[in-house]
1. Alpha carbons only, please: Rg and Dmax for the range 95-145, in angstrom.
2. Which order do Leu143, Leu103 fall in if you start with the one that has the fewest other Cβ atoms within 10 Å?
3. Where the centroid of each part is defined by its Cα atoms, how far is the range 120-145 from the range 44-76 in Å?
Amino acid sequence: MSFFAAVFAQTQQGWVGTEAVLAEVEGIDDVADLMREAAVESYGDPVLLLIEEDDDWFAVLRLDGESEPQAFVSTIREDGMSSLFHQLVGEIPDGDAGGDPALLEDLGVAGERLSELGDRALPGDALLTVAELAGFGEEFDRLRD
């Protein structure tokens, strides 16, 4: 299975993105540390981690300051889940999208829109839409290519 993961930090100059290396991530604490490192390196806040695995699922995680990460996970499209999903998200949601769909409302992504994307859109298309609505579509495209 292949996946895409990138961290985006909002700075005074705009959004800065970098690919996220998840090979040594063993749980949500490691994810939070990865996101905090990105925030320190870019002097950015909030920090978003966007993850997509094949066309099976996507997740958006948000970190503000020293708080715990908030997450939204799309509907799971395949029966076989990778270990990456379990490491990052934990338990598999029952069929529907899960988490906090309102976590990006202050960035221009309405909770209803994120829920709709989580239920109906292909993961790559959904993350591109999220990036465009939040204002870092070009940075997202740069990392995807």
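What follows draws every value from the coordinates through simple rules; no lab data is involved. Only a predicted model underlies this, so the values are computations on that prediction, with no experimental measurement involved. Glycine also receives a Cβ, built like all others from the backbone with ideal geometry; neighbour counts cover every protein chain displayed.
1. Both quantities, over Cα of the range 95-145: 10.9, 32 Å.
2. Values: Leu143 18, Leu103 21.
Going from least to most buried by this count: Leu143, Leu103.
3. Between the Cα centre of the range 120-145 and that of the range 44-76, the gap is 13 Å.
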